[in-house]
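Derivation of every value follows stated rules applied to the coordinates shown; laboratory data play no part. Here the structure is a predicted model, which is why all the values come from computation and not from measurement. Cβ atoms come from the backbone with ideal geometry, glycine included; neighbour counts cover every protein chain shown.
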Amino acid sequence: MLVVDDELGMRETVADILSGMGYDVTTAIDGDDALTQLRKETYSVVLMDIRMPGRDGISILREIGPPPPPVVLMTAYAGDDELRAAAEAGSYTVLHKPVPAGRLLDVVARAIAA
Amino acid sequence: MMPDSLDSTTDFGGGAAAPDASPPPRRRGPVRLLSAGLFLLLAAGGGGIALSSRRVVKDQEKRLLQQRSTEVGALFNLSGARLQEALHTGSTVVTLTHDDAGAFASTAQAAVASRLVGAMAVVQDDGQGGYRVLHSQGPGLAPDGPLPEPVVAALARAGSDGQFVSTPVFVVDGQRRLGYAVLIPGLTPRTLIYGQSALTQSTTSPSRQNQLFSDLDGAVYAGSRVDPAQLVLSTPRFPIGKGQVRTPFKLGADTWLLELSANHPLVSTLAARQPWLYLIGGLLAAILVAALVEVLLRRRQFALALVEERTGQLRRSLADLDAAQQQLVHQERLAAIGQLASAVGHELRNPLGVLGNVFYLLRGRLGSDDPWVERQLATGEREVGAATLIVSDLLEFSRPRQPVMEDVDVAAIVDEVLAVAPPPSGIEVARRLAPDLPPMRADRSQLRQVLLNLVSNAYDAMPEGGLMVVEADQVDGCVDLTVADTGGGIADDALPRLFEPFFTTKAKGIGLGLSVAHRIVEAHGGSLEARSRGGTGASFTVTLPSAAVPAATIQ
């Protein structure tokens, strides 16, 4: 799976938590990086921050596919407009940071099964 | 009498709106002393001018009458001159003709015919204190007849100066008579020419009167006194002795009296009316000026009251403006603080999230074999959770967002909250969730925040330890989720203010938790109720609609 976050700490810890559970995790530092990765390889789940420098998570979501993998968006704060846009772009769900590790793993498991 | 034009124009609009404004001034007050005084002064002035003007008119009238009287006297004087001429003619004839009766008769006839006298005679001193008539012409004077005593007295007065003398009015045979005589010079014994006229009620014709008195009323007396017995001549209806002016005039050697009255104004009509004009004009001016002053006074009073009222309104408006401005500044500052808080909160969420992840990873690597490590990890997780809740409340308060509804499994969210916020030591937690609970329709993240707040409050309410019960039941298509504690309860006066922002009874905390929880639940269309069980605890119940879908399908 692909973890996209511009914040080093968040990117690394989320990747560590997931790989600790046995998932194969790749990281990307921003939207463009994520698109490059997505063109190279197929992922079963994408975990992506909404607000990033350059292109944001929602615009990347619109470009992914077809067929798109389930995309779990994460955000520290999202206004009503962003949440609506995320739903319209077809996100699997939006997680509000900070996301407890248990909740994160739970959502990822459901997304893979979907 | 004062016009009160202010009555119709006065408008104290807005005056009643201000409770502390003084009542509007009475508009129908008493007439001011100033205007009343002005009115009296001007009226008195007008009256004074009218009076003095009336006196002037009277004086002028009298002066004019006097002047006319002198003129009339001159006319009588002229008559006297003609009479004297007639008598002298008789005298000359007697002297020249040496007492020729025929010559005298023709002269006397001419005099009688010219109506200067009624009869004419030559009379001579009889040496016995009387006079006898030598020759006579005209009625009432018989030759050799005796002459009455007043005539004799007059005849005795005639002197050699050529002036004729007149008799007083005397009565013979019931007829009033008047005589004139002139001395014939150079004859002995004393010989005189005597003329006599009978006075009728109206001795002269109206035309003659008119010629004499012109347009005046008056009377002529023989002698220098007003004496009805000596009345020679008067205009009809003239009140004898009541004339306005008396003028003596010369008739021969004697002084007669002329009495006159004006029977119409001698002064011109306009001039005669001047006093009235002054009086009316003065009164009108007084009324006008006093009314004007009164109106001005009232205007001024009204204006002053208005200015006072407007000043009050202005002052109040200024105060309102000031308060509004301060409130604006306050709100602006609050908004700035809100922005700052949300910015800080936003920036803190990521590091807090990372910290949480780090604790999770550490726990996985270090295991729970070592109680010391376990204790440190738990403390770190709890504090990260507390910091996260504070940040979330701040963000939710300063930038509230609409809930994004999804079906939320009640047991899962309760477990998650209890995992993130595990009970401190000494506090027991009881989960009493009804079996077969349907999921709640809620924004998962926001519901989690609500529960975190309620649970963390419950922990804080029991510093000495106690029991926290989390209960969930299905009621009429809704789910009731209750968090109850066995703490000290909520004071009665705190209960109504519980959901106010920044209201707190705790020593720590900023007082946003319950207010944010309340707002979130209301935004969901649900309700949040607080109950206090006296001093034995409190409970908070969130009621939200339940989903119609089976619990198995939710994530």
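Some points to look at:
- Relative contact order of chain B, taken over Cα pairs closer than 8 Å and 6 or more residues apart, is 12 percent.
- Our helix-only sum for chain B, with -39,500 (n - 2.57) per DSSP H run of n ≥ 4 divided by its residues, gives a mean residue ellipticity at 222 nm of -16500 deg cm²/dmol.
- Each residue, residue B:330 and residue B:495, gets one label point 7 Å from its Cα in the Cβ direction; the gap between the two is 2.9 nm.
- Average Cα contact separation per residue, segment A:2-106, under 8 Å, 6 or more apart, as relative contact order %: 23
- Unit Cα scatterers, Debye sum, chain B: log10 I(q)/I(0) for q = 0.05, 0.06, 0.12 Å⁻¹: -0.54, -0.63, -1.10
- Chymotrypsin sites (Phe, Trp or Tyr not before Pro), loop per DSSP, at most 14 other Cβ atoms within 10 Å - longest free stretch of chain B: B:1-501
- Among beta bridges identified by DSSP and lying wholly in the protein assembly as shown, the antiparallel ones come to about 75 percent.
- In Å, descending, principal axis extents of the Cα set of the protein assembly as shown: 201, 61, 42
- Note that segment B:126-140 has calculated 3J(HN,Hα) couplings of 8, x, 10, x, x, 10, 10, 8, 7, 10, 8, 9, x, x, x Hz, one per residue in order, obtained from phi through the Karplus relation 6.51 cos²θ - 1.76 cosθ + 1.60 (θ = phi - 60°); glycine and proline are x.
- For segment A:2-106, alpha-carbon Rg and Dmax in angstrom: 12.5, 36
- GluC sites (Glu not before Pro) lying in DSSP loop within segment A:53-114, provided at most 16 other Cβ fall within 10 Å: none
- ³J(HN,Hα) computed for each position of segment B:525-539 - Karplus, 6.51 cos²θ - 1.76 cosθ + 1.60, integer Hz, glycine/proline x: x, x, 9, 10, 10, 10, 9, 10, 9, x, x, 10, x, 9, 9
- Residues with amide H under 5 Å from that of residue B:199, placed H, sequence gap 5 or more: B:176, B:177, B:178
- Over segment B:293-399, relative contact order from alpha-carbon pairs under 8 Å, at least 6 apart, %: 35
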